[in-house]
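One structure below.
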Amino acid sequence: MPVFHNLYSRSQLKPKIVHIGFGAFHRAHQALFADELAQISQSDWGYCEISLLGGDKLIENLRQQNHIFTVVEKGVNGPSIKTVGSVCESLHLKLDGHEKIIEKIAAPETCIVSITITEKGYGIDLHSERLDTNNPFIKIDLDNFNKPKSAIGCIVQGLKRRMERNLTPISVMSCDNMPENGRKTQNAIVDFAQIVDPQLALWIQDHIAFPSTMVDRIVPALSEEAQAEIDSLVGEHEPCGIICEPFRQWVIEDNFAAGRPEWEKVGVELVNDVLPYEEMKLRMLNGSHSFLAYLGYLAGYEHISDCMQDSEFKQAAYNLMMAEQAPTLSIGQQVDLQAYAQSLIERYSNPNIKHRTWQIAMDGSQKLPQRMLESVSWHITHQSEYPYLALAIAAWIKYVGGVDEKGQRIDVRDPKAEELYNRFHSCNNEVARVRTLLDIPAIFGSELPAEYQFVDAVTQAYQRVELIGAKRAVSELIKATQNSERPQRF
Ligand code: NAI
Ligand code: CS2
């Protein structure tokens, strides 16, 4: 059990933030910020953790450790060990049932419900940006609203009780990697409420705040090797520990209905408009991450840091950021994007962070729009070229076909995995295969697949990947673009 030796008394904390999604990221990010704030102030902002799907063993272990856990930050010069004490309570759907979870959201002392449940957890159609009522989790909850199992269903039920009991309105804050994550969360919740109780939908719209956030810290899923390393650093088995990089960033829209922690005291940026930061991070960081994930996986690189050992992959990631993502961003006046790209390459190169390309490749159907397709649309409007984005989309197509370059099966994890596989294997030629994968409105919308040049660019890139493999396709693209006016140095 980790020994708590931080500077504050944990009894000062109240579970004023209810967090849904006690995964790797939350532990190394929001929970750590709250801990550091309590160390330097009289902050009483503690967490009640809620997990709805999987992770019941983790919650049991957390309870056995009095909700204290370890975060290990690993830079290039070795680890720094932090003990986090900001969590006061925990609930799990399987262990505690839905009623306790709903009551926690409705509790008078709850001020903020925050969320990290992955992009797919919201049940939003990425193109209409509204609730997808055919999403299996949402459908079940709409049919049985009194016993919700999804995050959206639980929050709506909790807010309903707050309205009925005339309690203070609260804030619901997404910390997932989606642009305008506040507005999307609001859409999902209001659309759900509109179906079950239109009066509640109006109350939510009028009273609940949905601040948007930009969140950043690379926190790989825990491997057996990482677990052994944590245990050895802590001196005993620490099943709730997690390893992450030293860098972290959190930009929050300062829009709260029932107060908020003084996060600015621990380096959080509170701003009026988060969208420019979200777009910068999602396109520069997550866009290049997905590029490296699909091409790197196909080229046989297990980790992002392995990709960085290949000078051409490193150059390609930088070229993608500077030539095809940076020009699409409105934040370029305020932020030195070249320095930002450079810092991302340094973070990816950290040999002590083992971030699997396979992990990042997961859920591509939920990630491509904000990471790549918005940029493609920008280039089409501005009549500029986007060969790195086209190559990344082509590599995604090859990847979701489920067979790698050596003929081995790929374990494709995606809510649309079956549909993607079936579409891929229903075609016996490359042109038709690209066409049928781009013709998925929930991913590509209706405008992009109608752009002849887009379809052609992806088809040609896909044919190159099939013919010469991912590694050579990257190498040839570097050569083909090195004499253009694109920045070549990092
Ligand atoms: P994780 O797999 O460790 O945790 C995911 C959590 O989401 C789990 O608690 C799981 O129960 C919950 N969840 C998944 N699907 C759900 C659903 N349909 N309904 C309700 N809960 C669901 O993943 P991790 O690393 O914590 O990442 C989660 C999200 O955090 C990412 O998808 C991303 O949006 C955001 N994030 C992650 C970063 C990272 O480096 N790991 C960095 C920045 C943001
Ligand atoms: C990654 C992100 O898994 C992924 O898709 O691109 O989780 C990435 O590590 C974080 O956004 C970094 O902040």
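The values are calculated or read from the model by the stated rules, or taken from the named source; none is laboratory data. What you see is a predicted model; the values in this text were computed from it and never measured. These area figures cover heavy atoms from the full protein model, side chains too; ligands, DNA and RNA do not enter into them. Shrake-Rupley method; radii C 1.70, N 1.55, O 1.52, S 1.80 Å.
Which ³J(HN,Hα) values, rounded to whole Hz and listed in residue order, are derived for the stretch 84-97 from phi using the Karplus coefficients 6.51, -1.76 and 1.60 in 6.51 cos²θ - 1.76 cosθ + 1.60 with θ = phi - 60°, glycine and proline given as x?
9, x, 7, 8, 9, 8, 8, 9, 9, 3, 5, 7, 10, x
State the percentage of accessible surface on the chain attributable to carbon and sulfur atoms; use a 1.4 Å probe and exclude ligands, DNA and RNA.
Roughly 47 percent of what the probe reaches on the chain is carbon or sulfur.
Once the whole set of protein chains is in place, how much accessible area is left on His237, using a 1.4 Å probe, in Å² to the nearest 10?
Counting only protein heavy atoms, His237 exposes about 110 Å² to solvent.
Based on alpha-carbon centroids, what's the gap between the stretch 325-352 and the stretch 6-40 in Å, whole number please?
29 Å
Helix 224-234 versus the longest principal axis of the chain: what is the Cα-based angle in degrees, 0 to 90, to the nearest 10?
40 degrees
When all protein chains stay in place, what accessible area (Å², nearest 10, 1.4 Å probe) is found for Ile195?
100 Å²
Ordering Leu93, Leu292, Leu233 from largest to smallest accessible area (1.4 angstrom probe), what's the sequence?
Values: Leu93 30, Leu292 0, Leu233 60 Å².
Largest to smallest exposure gives the sequence Leu233, Leu93, Leu292.
For a quick check of understanding: with a 1.4 angstrom probe and all protein chains in place, what accessible area in square angstrom does Arg435 have, to the nearest ten?
Answer for Arg435: close to 90 Å² accessible.
Per residue, how large is the accessible surface of the stretch 10-271? Use a 1.4 angstrom probe and give square angstrom. Write out the running numbers ahead of the final one.
On the way: 9760 Å² over 262 residues.
Here the per-residue accessible area is 37 Å².
Suppose only helical runs count, i.e. DSSP H with n ≥ 4. What mean residue ellipticity at 222 nm does that imply for the chain under -39500 (n - 2.57) per run, divided by all residues and rounded to the nearest 500 deg cm²/dmol? Walk me through the numbers before you get to the answer.
Working: 23 runs with 226 residues, N = 490.
-13500 deg cm²/dmol, from helical runs alone.
Helix 151-164: angle to the longest alpha-carbon principal axis of the chain, degrees 0 to 90, nearest 10?
40 degrees
Over the stretch 91-179, what is the relative contact order in whole percent, taking alpha-carbon pairs under 8 Å and six or more residues apart?
It rounds to 40 percent for the stretch 91-179.
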